[in-house]
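Reviewing the structure listed below.
Where a number appears in this text, it was derived from the coordinates with a stated rule and is not lab data. Not measured: the values here are computed from a predicted model. Cβ: placed from backbone, ideal geometry, glycine included. Neighbour counts: every protein chain shown.
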Amino acid sequence: MDFTKGVLVLFMVLYHWMNYFVGIEGPVYPYLRFIPPSFIFISGFLLSNVYPKKYGVSSPKLYVRLLVRGLKVLMLFTLLNVAANTLFVESYRGSIQGVEYFVSNAAAIYIAGNGAMIFSVLLPISYLLILSTLIFLGMQATQYTLSMLCVALFICVTFLDYYAISSPNLSLIAVGILGMVFGQYPLKQIADWSGHSWAIASLYAGYLIALNAWGERYFLEVIGVCLSVMLLYGVGVKNFWSRPIGSTLVMLGKYSLFSYIAQIGLLQLLQRSLATVNIHTWMVWALSFFGAFALTILIVRVAHQIRSKFQVIDKMYRLVFA
């Protein structure tokens, strides 16, 4: 699973690099839209696959743990946005427009998810963590709680989509709940499914053809998330993670939240630095592209080394990200 998240981290670097340096109007960007939902899908999967076994559904520790984690991610999202809106009143594509805008549009940001913001995927992840406490309580009454909620949310998203009402937060939470449904299956069974690589690759090819024919559709995005995660997990199951490149990807996966935040800062730094240099656009693209990947991997390795040597830093890291 860490290998899968690590590969998605690199895809996320590509996703954000295109956002900052190339633009979202080209033909490639729609094929990368599965990346942010994939992280919340995996978060949901781990919620139902790991936490109940580790703590027990009836244990108060489970609910305290999930509630604290959810509130920490929510606070992290808020602090990052307030800090960015304070320090940088202008940003690429208007995602930062000042603290006054952020406060006045809090309802659009925190409820629907339509307001201008950065680190937007953190918000539905925090909601999923908090909502999961109620889900696990409901599952003690009936085992169908999760499945019924999943169906209900997708019906709601379909209904809103029919009336052209956008709610990114609800759409992503629905994907996270779907991940929780898959997380109810044992890892061995998931590994068996992902082992049918040719079948999954064929389905993925069909998904790409449908995406090219019909354009961006929510149901296609959900299918793309499931197939992409399954395909990457299947590669990880084949012990690719034990190779040198694979071990780097595993480390990125272990630091997925940290690297997600760090890569935005690195891209901001690269964009501002390269804007002062008078070079051809192609050279800017090349330097920023390789720089974004290299610096993301480097900063994760440095963070890992510092954590292993300094206990205080390790505790601070765990306080924020663990």
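Remarks
- Value of Rg/Rh across region 1-63 [Cα atoms, Kirkwood radius]: 1.19
- Which listed pairs, of 61/254; 72/188; 188/309; 188/315, have C-alpha distances above 27 Å, in listed order: 72/188; 188/309; 188/315
- Proxy reagent accessibility, fewest Cβ within 10 Å first, across 25, 100: 25, 100
- Residue 112-residue 79 FRET efficiency (beta carbon distance; Förster radius 30 Å; 0.05 resolution): 0.90
- Here the Karplus curve 6.51 cos²θ - 1.76 cosθ + 1.60, taken at θ = phi - 60°, turns the phi angles of region 304-318 into couplings of 5, 5, 5, 4, 6, 9, 10, 5, 5, 5, 4, 5, 5, 4, 5 Hz, with x standing for Gly and Pro.
- With all pairs of separate Cα atoms included, the chain yields a Kirkwood hydrodynamic radius of 20.9 Å.
- Neighbour cut-off at most 15 other Cβ (10 Å), DSSP loop, chymotrypsin sites (Phe, Trp or Tyr not before Pro), region 263-322: 310
- Global geometry of region 94-233, whether rounded, prolate or oblate, following the gyration tensor of its Cα atoms and the 1.5 cut on a/c: oblate
- Here the spin labels are modelled as points 7 Å beyond Cα on the Cα-Cβ line, and at residue 310 and residue 54 they lie 2.6 nm apart.
- Mean ellipticity per residue at 222 nm, deg cm²/dmol - from DSSP H runs of n ≥ 4 across the chain, formula -39500 (n - 2.57): -24500 deg cm²/dmol
- Region 33-184: Rg to Rh, with Rh as the Kirkwood radius over Cα pairs: 1.01
- Relative contact order for the chain, counting Cα pairs under 8 Å that sit 6 or more residues apart, in percent: 30
- For region 273-278, Karplus couplings with θ = phi - 60° (6.51, -1.76, 1.60), whole Hz, Gly/Pro x: 5, 6, 5, 8, 9, 8
- Counting neighbouring Cβ atoms within 10 Å and putting the fewest first, the residues 193, 17, 198 line up as 198, 193, 17.
- Packing-based exposure ordering (other Cβ within 10 Å, fewest first) of 171, 59: 59, 171
- Nearest-0.05 FRET efficiency for residue 213 and residue 67, computed from C-beta distance (R0 41 Å): 0.40
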